[in-house]
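Worksheet for the structure shown next.
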């Protein structure tokens, strides 16, 4: 590695007003580009990239980093082959020479080097800090401290690559078939677009959903993420177009020795003629400055976005006018009635029973000792049953009426002014009203009282049992005396029976 104190490089910084080698053409409005200075090197300049440490440019096999005052901060001899691509991202500088990718720290120290299978044709950083590299045999995603983590192919040799740090989409231009491919962040193809020539330079917009493609036939084309051409611009009849889309929305493009500044609609805001073909473009991180490598010189410009256009509107009003208003009102009323009937019936029953019982009992009794007599008596029974029923019925009817009123008001207003301007306005107004009406009706129904009289005659059997008990008083004496007394008693009894 060689430091700035020992390199054989001539650096000249001049003011724009004192530098006669730049000529500009300005479109509508004030100049967009203002030259800050020029750094001149002993060698042909290649790619350029602008990162936090400053502006880095490749001069043959050596890279130089300069500050905004164009003082060399550090330099590094990378390879005997010319530096082909540079890309700053996340504190790392990715650089390539032939088929080797170098990882350089922000202080200018070479940390890692990875050799791929073919010459490198593009470098760009992903949103997560992977370095995308396109080679003539495929596409790689490289971790700075680990090397390639995946490799993909689109079937044709890639010639350019740009990885959007916003959307994560990858744009790849290929040789032979004049296509631009759209890949996801894993390198899988999402779609492609045929172009009129080979896209040798790609740059994503700040939004991450449009990509500018510089072709090798002098055309600049902008394509969105659906692979639709938004606009195309012819900058030259032939030659490569290098492009870079700035953070502020302006597009820088170089073809031959001419530098162009365009807005995002393709309008050229300014062009500058340089002394040699443009070999590299790099915007500052804030989009306020632009570095351009051309021949052996590095140009630094400040970029002032054009002011928005001023529109002056003059209106002349004449009070004479004729107004015709025609109004048509159409009303449609749709009424839907829903009735819900709830009936509640309460039945009350009163039963009054009257029983009249007449019993005639005739008993003829002849008693000798013990007499048991059963009599059967038929008793006529008259039963009067009065049945009273009271019914109360409560009926509740709910009626829900849904009314939808649709009114369409169509007015045709014709205004005729003296300026022969006729303004016709058709006003269609639709008024929808929904009217919900609930009607509650309660009916109470009381039926007449019903009285029933029932007369029932039923036989009644009555059993009468008469029991006569004769008690005998027993006197105990001596056995012989008792026998004598018994005999006397029997005789007495016999005599009485005879009588």
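Laboratory data are not the source of any read-out in this text; all were calculated from the coordinates shown. All of these numbers come straight from a predicted model, not from anything done at the bench. With ideal geometry, Cβ positions are generated from the backbone for all residues, glycine too; neighbour counts draw on all protein chains shown.
Structure summary
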quantity: Inter-label distance for residue 238 and residue 496, nm, one decimal - labels placed 7 Å from Cα along Cα-to-Cβ; calculated: 18.0
quantity: Order by protection proxy (mean Cβ within 10 Å, highest first), peptides 238-250, 47-59; calculated: 47-59, 238-250
quantity: Simple spin-label estimate for residue 304 and residue 107 in nanometres, 7 Å along Cα-Cβ; calculated: 4.1
quantity: Quotient of C-alpha Rg and 2.2 N^0.38 Å, computed over the range 16-303; calculated: 0.93
quantity: DSSP-defined beta bridges in the range 146-224 - what % are antiparallel, rounded to 5; calculated: 100
quantity: Distance (nanometres) between label positions extended 7 Å along Cα→Cβ at residue 128 and residue 77; calculated: 3.9
quantity: Mean Cβ neighbour count within 10 Å, used as a protection proxy, ranking 83-92, 251-260 highest first; calculated: 251-260, 83-92
